[in-house]
Each structure stands twice: as structure tokens, then as C-alpha cells.
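Below: one structure, written as C-alpha cells.
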Amino acid sequence: MLALSAIPWPIFTTKIEAQQFCDSERRLQFKWARTSRFRTKLRVSRPLQNRVTPFGEIIAISQRGLFIGNRGIIHNPATRTLLKRRWATKAWITCRRDYKGIRRVVMARQSWTELFFLDEATALAAGHRPCFFCRRADAQAFRRAWAKGNGGKPPAAPGIDAILHRERLQNRTKRIHTLTSAFKDLPDGAMIAALGRAYVVVSRRPFLWTADGYHFVETLPSFDGLITPPSTLGALRAGYYPALHPSIDSLRKQLE
């Protein structure tokens, strides 16, 4: 399996098309990949730096996760590496990985930088929100829950983005908020921090976040604070339920 992209690669029907593609990608290392009519060389390198942790950090790991998203253009397509900045817009969004069959070669164009998340709880904790374009139903549900949980009328997307931008950052680093209640009182999908690690709360239990999924916690740590932005927490309290990694379902079954 190619480690380069979480989105399907183009299928070539002629050798000329394949050669043109390879020529445009010549800066990468090549590996044989099977196409519909013949074998051609495609670039495969070490994992790209485009996986997002609950703390909003962008790291290079092979795991991809359930969701894709972006913060604008923050990479150099010639080298497929990140720029120094970690966002180019206040609109940090979470998108579907599949949308109308659209295919992209990751970080290869002067277009939005593809970022990947283990699940939606991870994206929300990092300070992202659902996309109003490819996830309109989820975005509208999030918007209604935001209004219900935080008060006021359902805000427009720029209003949500402005609030999240203040809540997710402190001096350009991730902001950890004070826990005002016991973790058992937090809604499903909320994330909390302890000793530099992230935990998701589901059914009043904390589960350790890892790049591969969630794990049981045998000894509960002393929690440092809330990773999920408070306004997003309000939306979770009001009934917005984020899509969680399948490992949560496995852990639940073990608890039954």
C-alpha cells in the first residue's frame, strides 16, 4: 500500500499519461505500483508531515485516520514539506476523505494542504470544525449545537472560526483550558490532557489517544486540563456527537 496519500491515485490508461505524471513528480523516490494496464514507477517516500494530533501539532507518521482537513496553504509543493507557519487562515476545517470521487496527490500542488486526523474528536480537540462544503449536514448540526450549548443564535462560519482561533491558541501554541468539572461529567468526544498525553472521554471513561487508536487506562493520571476548545465543548454538551475511531467500539465491547 502506498504511504503517500490517503486519497486514491489516478489510474493511467496510456503510457504517455503515466510518463507525464512521473515527470511532474520526479523529485520523489520511485517505487513500482500496479496500474490498470501496465506497471509504472510512482514516488513513495517517508511519511509526509501532515498528521494532526489532539494538541494541534502536525507530525510525520504513516497512520492516516478517518478525516482529512486543512488550514489553508502551509506547504511547499516542490519539496512536499511544511512551511514555518502552521495555518494560513482562521478557518480550520475537517472534511470527508472521499468526496464525489475527487482525487488529489497529497501536498503536490499550490492548493490547500491536506491534513489527516485519527477521528473527529481529534480534529475538534485540535481546534478544527466540520466543513460546510463537503460535510454540510454535520456542519449545520455542529452550528445548531454550538448555539444551544453556548447561547445565542447559530453563528456563521466566520464567527465560529474567530472564536475557535482565540480558544485553540496561546502565544501561537496549543491552549490548554482549565477543567471546571470532573472528567466523568464531560460529554463524549471531549479531550483532556495529562503529562503531555491526550485522553478522550467516552461514557464517563478516559481512553488514551495514540496514532493507532485508543487504549484502556489502567491507572488514571492527574489531568492537567481541557484540550477541546470550550465553545466546542459546549456543542458536545448540547448533543453534537463526533465520529470516533473504531477502536472505541472494540473497547466498549470489552467492557460489557
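Of the residues Y214, Y199, the single one that is modelled with pLDDT of 95 or more, surrounded by 14 or more Cβ atoms within 10 Å (Cβ to Cβ), touching a Ser or Thr at 6+ places or on another chain (Cβ under 6 Å) and outside any helix (DSSP H, G or I) is Y214. Is it the case, given these coordinates, that V217 is without any contact (Cβ under 8 Å) to a residue 40 or more places away in the chain, of a type in the set (A, V, I, L, M, F, W, C), closer than 21 Å to P130 by Cα and in contact with a Leu (Cβ under 7 Å, 6 or more places away or on another chain)? Considered against the rule, which asks whether it is without any contact (Cβ under 8 Å) to a residue 40 or more places away in the chain, of a type in the set (A, V, I, L, M, F, W, C), closer than 21 Å to P130 by Cα and in contact with a Leu (Cβ under 7 Å, 6 or more places away or on another chain), V217 comes out as no. Among residues belonging to the stretch 91-111 that are touching a Gly at 6+ places or on another chain (Cβ under 9 Å) and either in a loop (DSSP other than H, G, I, E, B) or aromatic (F, W, Y) (or both), point out the one that is surrounded by the fewest Cβ atoms within 10 Å (Cβ to Cβ). Of everything passing the filter in the stretch 91-111, R97 is surrounded by the fewest Cβ atoms within 10 Å (Cβ to Cβ).
Condition check for A162 on (1) closer than 24 Å to G225 by Cβ; (2) of a type in the set (G, A, S); (3) assigned to a loop (DSSP other than H, G, I, E, B): one failure, at (3).
Looking only at residues of the stretch 205-236 that are in contact with a strand residue (DSSP E or B) (Cβ under 6 Å, 6 or more places away or on another chain) and among the β-branched types (V, I, T), we find that the one that is farthest from F116 (Cα to Cα) is V217.
So which residues in the stretch 160-215 are within 22 Å of S250 (Cβ to Cβ) and in contact with a Lys or Arg (Cβ under 6 Å, 6 or more places away or on another chain)? Of everything in the stretch 160-215, those that are within 22 Å of S250 (Cβ to Cβ) and in contact with a Lys or Arg (Cβ under 6 Å, 6 or more places away or on another chain) turn out to be K184, P187, R204.
Residues in the stretch 48-64 that are in a loop (DSSP other than H, G, I, E, B) and modelled with pLDDT of 95 or more: L48, T53, P54, F55, G56, E57, I61.
Taking every residue in the stretch 96-125 that is touching a residue at least 40 places away in the same chain (Cβ under 8 Å) and more than 10 Å from P77 (Cα to Cα) and pairing it with any residue that is surrounded by fewer than 24 Cβ atoms within 10 Å (Cβ to Cβ) and acidic (D, E), at least 6 positions away or on another chain, the pairs with Cβ-Cβ distances below 8 Å are R104/E114; V105/E25. Scanning the stretch 229-249 for any residue that is exposed (fewer than 14 other Cβ atoms within 10 Å of the Cβ), assigned to a helix (DSSP H, G or I) and free of Cβ contacts under 8 Å to residues at least 12 places away in the same chain turns up at least one such residue. Every residue in the stretch 165-187 that is surrounded by 11 or more Cβ atoms within 10 Å (Cβ to Cβ) and either charged (D, E, K, R) or in a helix (DSSP H, G or I) (or both), please. H165, R166, E167, R168, K174, R175, F183, D185, listed by residue number. The residues on offer are F133, F67, F116, F142, and the sole one that is aromatic (F, W, Y), surrounded by 15 or more Cβ atoms within 10 Å (Cβ to Cβ), modelled with pLDDT of 95 or more and more than 19 Å from P229 (Cβ to Cβ) is F116. Apart from one condition, S62 fits all of (1) of a type in the set (G, A, S); (2) surrounded by fewer than 18 Cβ atoms within 10 Å (Cβ to Cβ); (3) in contact with a strand residue (DSSP E or B) (Cβ under 8 Å, 6 or more places away or on another chain); the exception is (3).
The values are calculated or read from the model by the stated rules, or taken from the named source; none is laboratory data. Source: prediction; values computed, not measured. As a convention, Cβ positions derive from the backbone with ideal geometry for all residues, glycine included, and neighbour counts pool all protein chains shown.
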